[in-house]
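Since the structure comes first, as structure tokens, the remarks are kept for the end.
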Amino acid sequence: MKSRVLLELHYLPCLEYFSCLMQFDEVVLDVYEPYVRQSYRNRCRVLTANKVDTLTVPVKNRGQGGTIREVRIDYDQPWHRRHWGCLQSAYGKSPYFEHYSPGLEALYYKKIPFLFDFNFELLTLCLHYLGVKKHMTYTLSPTSMISNIFDARSLINAKKKTDGTVFYTPFPYYQTFGNDFVSNLSIVDLLFNQGPESRLILQNSIPPTKYLNEQSPTDIG
């Protein structure tokens, strides 16, 4: 039987997110979950010359009781230029920036209206860059029963420590700035610095005893 995981969509997800989904055969994305503020749904962490910086995508109709699928990105603010400028400044001299940057930059200036769609396109592109193929589907309705699935929603969140989790064990790799390795940053940190080796590093970041094998799938409904 194929293993399945239920996840929310994150903005340029952290390494823990990818080490989680790589442990399952199928990924089901929740399109009906309520929007959660101060979460990875609209923010990511990157390493700059001076510090770890958090990039946040501003949204419009937050806190109005709608679902994540309904949340619109606020382009009244020039956030997309700031974010791309930060990535250029942080990773422009990284070994693989020129290789991966064109596709990512195009998505930033595409001005996709909805946060969910923007995150999905970024996730799809990053999986392509990693050479990871996953069967991905959506929840069909707010009350649909999903059987035999591991519910990982909210287990990967911005408020937890990042130096080791149930899905992720840090596996150090070369980073552009500093001598001390910073774990569990956005996937772009890994891609820009390690390129084709990124998939192997993620595989080495999966804990020896997989969380998948320790837990029983449940029915969600």
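The values are calculated or read from the model by the stated rules, or taken from the named source; none is laboratory data. Quick caveat, the model's predicted, so the values are computed rather than measured. Here the Cβ positions follow ideal geometry from the backbone for every residue, glycine too, while neighbour counts run over all protein chains shown. When the accessible area is computed, the model is the full protein with side chains, heavy atoms only, and any ligands, DNA or RNA have been set aside. Shrake-Rupley method; radii C 1.70, N 1.55, O 1.52, S 1.80 Å.
Brief remarks follow.
- Of all residues in the stretch 33-50 being charged (D, E, K, R) and more than 15 Å from residue 87 (Cβ to Cβ), the one that is most open to solvent (accessible area, probe 1.4 Å): 37
- Within the stretch 25-69, the set of residues being within 17 Å of residue 187 (Cβ to Cβ) and assigned to a loop (DSSP other than H, G, I, E, B) comprises 39, 40, 41, 42, 48, 57.
- In the stretch 38-50, the residues that are in contact (Cβ under 8 Å) with a residue 60 or more places away in the chain reach residues that are small (Gly, Ala, Ser) and open to solvent by 20 Å² or more (accessible area, probe 1.4 Å) with C-beta atoms within less than 6 angstrom, at least six apart or across chains, in these pairs: 39/158; 40/158.
- Selected residue (only one of 123, 115, 130 is open to solvent by less than 50 Å² (accessible area, probe 1.4 Å), aliphatic (A, V, I, L, M) and within 22 Å of residue 176 (Cβ to Cβ)): 130
- Residue within the stretch 107-118 that is of a type in the set (Phe, Trp, Tyr), closer than 22 Å to residue 40 by Cβ and in contact with a strand residue (DSSP E or B) (Cβ under 7 Å, 6 or more places away or on another chain) present: yes
- Some residue of the stretch 128-150 being closer than 22 Å to residue 5 by Cβ, out of contact with any strand residue (DSSP E or B) (no Cβ under 9 Å at 6 or more places or on another chain) and of a type in the set (A, V, I, L, M): yes
- Some residue of the stretch 5-27 being touching a Gly at 6+ places or on another chain (Cβ under 9 Å) and open to solvent by 10 Å² or more (accessible area, probe 1.4 Å): no
- Scanning the stretch 77-117 for residues that are touching a residue at least 40 places away in the same chain (Cβ under 8 Å) and either assigned to a strand (DSSP E or B) or not small (Gly, Ala, Ser) (or both) yields a count of 14.
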